[in-house]
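Participant: First, the structure itself, so that you have it in front of you.
The values are calculated or read from the model by the stated rules, or taken from the named source; none is laboratory data. What you see is a predicted model; the values in this text were computed from it and never measured. Because the Cβ atoms are built from the backbone with ideal geometry, glycine has one as well, and the counts that use them run over all protein chains shown.
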Amino acid sequence: MELFSEGIAQTLESILENKEVREAYKKKVLLSYPKQTLISITFNIPGSIKTNPQIERVFQLAITAFARYCRDNELKLIDTTCKLLATGPEYYAVIDSTREDIKNICIQFESFYQIGRLMDIDVYRLNAEEELVIIDRDQLDRTPRKCFICSNSAKACTRNKTHSIAELRQKINEMCQTI
Ligand SMILES: [Zn+2]
């Protein structure tokens with residue numbers, strides 16, 4: 001399987017625009033479920049090609065594995081949406097739970113499953129002012145996420161452009177062969 005053999009390159013503008021749309025969408029969903037928690041999943045895909053049928057297929061497998069993992073950990077997904085967009089696939093799930101360990105379960109999934117290392121799993125709630133608040137790893141006093149190539153901090157590798165897009169794509173292809 002070659003994940004990046006086709007696809008439409010996205011402009012920075014369309015990626016940034018999508019980011020705004022995503023923020024508004026997450027807030028809208030949580031306003032319908034103000035007491036619940038929202039999970040958002042996207043793929044961390046380097047380069048300007050963000051999707052194609054192969055990437056969408058891998059994404060569907062990834063969210064199926066994630067949903068199963070949630071069930072195994074007794075997290076009930078009550079409202080799920082999958083959007084297959086040109087800027088990349090997106091998945092949203094409202095969790096009927098006020099448990100504090102939801103983010104931990106997501107972090108475990110990200111690190112335990114090979115495919116999890118490609119996934120950006122974010123957890124959101126509304127605060128008392130009805131603003132969207134992200135629950136991040138730092139608040140949980142966890143070590144920062146590791147780069148899937150060299151195991152340094154993922155943030156540092158992204159910032160320093162340590163790995164070329166070709167190298168990242170090759171690694172992602174390798175990771176996806178095993179699912
Ligand atoms: Zn690295």
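Participant: Do we find a residue being more than 16 Å from the ligand (Cβ to nearest atom) and either under 26 Å from residue 34 (Cα atoms) or surrounded by 14 or more Cβ atoms within 10 Å (Cβ to Cβ) (or both) anywhere in region 160-175? Give the steps one after another, and end with the answer.
Facilitator: Within region 160-175, the first condition is being more than 16 Å from the ligand (Cβ to nearest atom), and the residues that meet it are 173.
Retained after the next criterion (residues that are either under 26 Å from residue 34 (Cα atoms) or surrounded by 14 or more Cβ atoms within 10 Å (Cβ to Cβ) (or both)): 173.
The answer is yes, given that some residue of region 160-175 is more than 16 Å from the ligand (Cβ to nearest atom) and either under 26 Å from residue 34 (Cα atoms) or surrounded by 14 or more Cβ atoms within 10 Å (Cβ to Cβ) (or both).
Participant: Please go through region 25-35 and pick out each residue that is buried (at least 18 other Cβ atoms within 10 Å of the Cβ) and farther than 12 Å from residue 133 by Cα.
Facilitator: 29
Participant: What's the number of the only condition in (1) touching a Leu at 6+ places or on another chain (Cβ under 8 Å); (2) more than 16 Å from the ligand (Cβ to nearest atom) that residue 112 fails to meet?
Facilitator: Exception for residue 112: condition (1).
Participant: State the number of residues belonging to region 18-48 that are touching a residue at least 40 places away in the same chain (Cβ under 8 Å) and of a type in the set (Asp, Glu).
Facilitator: Within region 18-48, residues that are touching a residue at least 40 places away in the same chain (Cβ under 8 Å) and of a type in the set (Asp, Glu) number 1.
Participant: Specify the residue that is surrounded by the fewest Cβ atoms within 10 Å (Cβ to Cβ); the eligible residues are those in region 1-24 that are within 23 Å of residue 116 (Cβ to Cβ) and modelled with pLDDT of 90 or more. Don't jump to the end; show me each part of the working.
Facilitator: Our first condition is that a residue be within 23 Å of residue 116 (Cβ to Cβ); within region 1-24, this holds for 1-4, 7, 15, 18-19, 22.
Of the ones still in play, those that are also modelled with pLDDT of 90 or more are 7, 15, 18-19, 22.
Values: 7: 19, 15: 14, 18: 19, 19: 11, 22: 18.
Only one residue tops the list, namely 19.
Participant: Quick one: which helices (runs of 4 or more DSSP H) sit completely within region 99-179 and have at least 2 residues that are modelled with pLDDT of 90 or more and over 16 Å from the mean Cα position of the chain (by Cα)? Lay out the reasoning, then the answer.
Facilitator: Working: elements: 102-112, 154-160, 165-177.
Filter on region 99-179 gives 154-160, 165-177.
Participant: How many residues are within 17 Å of the chain's Cα centre (by Cα) and assigned to a loop (DSSP other than H, G, I, E, B) if we restrict to region 8-47?
Facilitator: Residues flagged as within 17 Å of the chain's Cα centre (by Cα) and assigned to a loop (DSSP other than H, G, I, E, B) within region 8-47 amount to 4.
Participant: Could you please find all residues in region 96-117 being within 25 Å of residue 149 (Cβ to Cβ) and hydrophobic (A, V, I, L, M, F, W, C)?
Facilitator: Passing the criteria: 106, 107, 109, 112, 115.
Participant: Could you please give the count of residues in region 71-98 that are modelled with pLDDT of 90 or more and in a loop (DSSP other than H, G, I, E, B)?
Facilitator: Within region 71-98, the first condition is being modelled with pLDDT of 90 or more, and the residues that meet it are 71-95.
In the following step, the residues that additionally are in a loop (DSSP other than H, G, I, E, B) were identified as 73-76, 86-87.
Qualifying residue count, region 71-98: 6.
Participant: Of the conditions (1) closer than 23 Å to residue 35 by Cβ; (2) free of Cβ contacts under 8 Å to residues at least 40 places away in the same chain, residue 63 satisfies every one except a single condition; which number is it?
Facilitator: Single failed check for residue 63: (1).
Participant: Is it the case that region 92-114 has a residue that's in contact with a Ser or Thr (Cβ under 9 Å, 6 or more places away or on another chain), in contact (Cβ under 8 Å) with a residue 60 or more places away in the chain and more than 28 Å from residue 31 (Cα to Cα)?
Facilitator: The answer is yes, given that some residue of region 92-114 is in contact with a Ser or Thr (Cβ under 9 Å, 6 or more places away or on another chain), in contact (Cβ under 8 Å) with a residue 60 or more places away in the chain and more than 28 Å from residue 31 (Cα to Cα).
Participant: Just to be sure I understand the filter: pairs with C-beta atoms under 9 Å, separated by 6 or more residues or on different chains, first member in region 140-156 and closer than 15 Å to residue 45 by Cα and near the ligand (Cβ under 8 Å from one of its atoms), second member in a loop (DSSP other than H, G, I, E, B) and modelled with pLDDT under 90. Which pairs pass?
Facilitator: Once the first residue is closer than 15 Å to residue 45 by Cα and near the ligand (Cβ under 8 Å from one of its atoms) and sits in region 140-156, its partners that are in a loop (DSSP other than H, G, I, E, B) and modelled with pLDDT under 90 give 148/44; 154/44; 154/144; 154/145; 154/147; 154/148.
Participant: Next up: Could you tell me which numbered condition residue 94 fails, if it satisfies all but one of (1) within 16 Å of the ligand (Cβ to nearest atom); (2) under 16 Å from the mean Cα position of the chain (by Cα); (3) more than 15 Å from residue 59 (Cα to Cα)?
Facilitator: The number of the failed condition is (1).
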